[in-house]
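Contents: one structure, followed by commentary.
Read-outs throughout are calculated quantities, based only on the coordinates presented, and are distinct from any laboratory measurement. Predicted model, so just to flag it, every value in this text is computed and none were measured. Glycine gets a Cβ as well: all are built from the backbone with ideal geometry, and neighbour counts include every protein chain shown.
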């Protein structure tokens, strides 16, 4: 496990703020005025994000745009942001979404969330710089040669991958000390499935928890899968990193509540919708870092020379309203370590 994960979840906000400020200052380089940037050219940034076809901007996308603006790039003035969405199992198909993204004539392409999405874009251009955001194991996925020397036209910020899945199982067991039967949603079509499932299995075994895999291949199967969990006396459910699960997050959170299943998720957005727990890198922080990468590239840096970053800020989020509805008492020590408690 990397040093950044070993930092744990108890760090205060002041420390994380200082880390971001130092890193941001180191990468941002000399200050360039907005007027100077406008005098150069109107830049185009294409973004490809997981989500439904309507592709509404999220707080994460807003943070990315706000960070660009703080660096002197204002959307609609000296910058145009083209936003497109994809669903790995829905519409539009990834190759089509990637082609549409390239058609925007971008100076930089930013891809969130999925190694497959990055590969789909990478397959269509070897010249336009690509910045990935919150992508697990970019070396293992074949996106970059190494974290320190990416090579090619791709770099970005990794999500650390399966290392965090181990931590999520540990935190779920801490929240539910008597947990013995844990269900996990599985999308075997996902490129991240083997690594994530192996990490969850190993963590569960060490904690003497039996892990039960429940395969989901389409949205139509979600209700039957959650019904099967209750039928097998599953006591909690783990929802791993997967674009498919993100796309159907509303339905997954609703079913977990209906079946009275405590659930651990890989992003805070699930908990904001009513899920019980999440542990993840701060996507707001990661999106700000992505904006710095875009700035560096627009100023002439090559992706091949920009090392891949690991996240430095992590969030444990607990929904106390959901805990109360499920009749759960979260241990006080875990509550004190949480970064946010949703009342």
Exposure-ranked with fewest Cβ neighbours within 10 Å first, 166, 125 stand as 125, 166
Kirkwood Rh for segment 99-149 from C-alpha pairs, in Å, is 11.3 Å
On each of the three principal axes the extent of the alpha-carbon atoms of segment 89-211, given in whole Å and largest first, is 55, 35, 20
Counted neighbours (other Cβ, 10 Å), sorted fewest up, put 278, 190 in the order 190, 278
The rounded separation in angstrom of the Cα centers of segment 227-272 and segment 124-146 is 29 Å
Extension length gain for residue 178 and residue 299 (0.36 nm per residue less Cα distance), in nm, is 38.1 nm
Evaluated at 4 °C and 1.567 mPa s, the Stokes-Einstein D of the chain based on the Kirkwood radius over Cα pairs, in µm²/s, stands at 63 µm²/s
Cα-based Rg and Dmax for segment 169-222, in Å, come out at 12.0, 34
Here Rg/Rh (Cα, Kirkwood) for segment 56-107 equals 1.04
Taking every alpha carbon pair in segment 202-305 and sorting the distances into 10 angstrom bins from 0 up to the bin holding the longest one, the percent per bin comes out as 13, 37, 25, 14, 10, 1
Length gained if residue 58 through residue 44 is fully extended, taking 0.36 nm per residue and subtracting the Cα-Cα distance, is 3.1 nm
Residue separation between residue 206 and residue 340 times 0.36 nm, minus their alpha-carbon distance, gives in nm 45.5 nm
Hull surface over four for the Cα convex hull of segment 137-272, reported in nm², is 8.7 nm²
Stokes-Einstein, Kirkwood over Cα pairs, segment 42-152, 25 °C, 0.890 mPa s; D in µm²/s equals 171 µm²/s
Rounded to the nearest whole number, the per residue volume of the convex hull around the C-alpha atoms of segment 256-343 in Å³ is 103 Å³
From fewest to most C-beta neighbours within 10 Å, the residues 48, 328 line up as 328, 48
Pseudo-spin-label distance residue 77 to residue 139, built 7 Å along Cα→Cβ, given in nm, is 4.1 nm
For residue 232 and residue 258, extending 7 Å from Cα along the Cα-Cβ vector and measuring point to point gives, in nm, a value of 2.0 nm
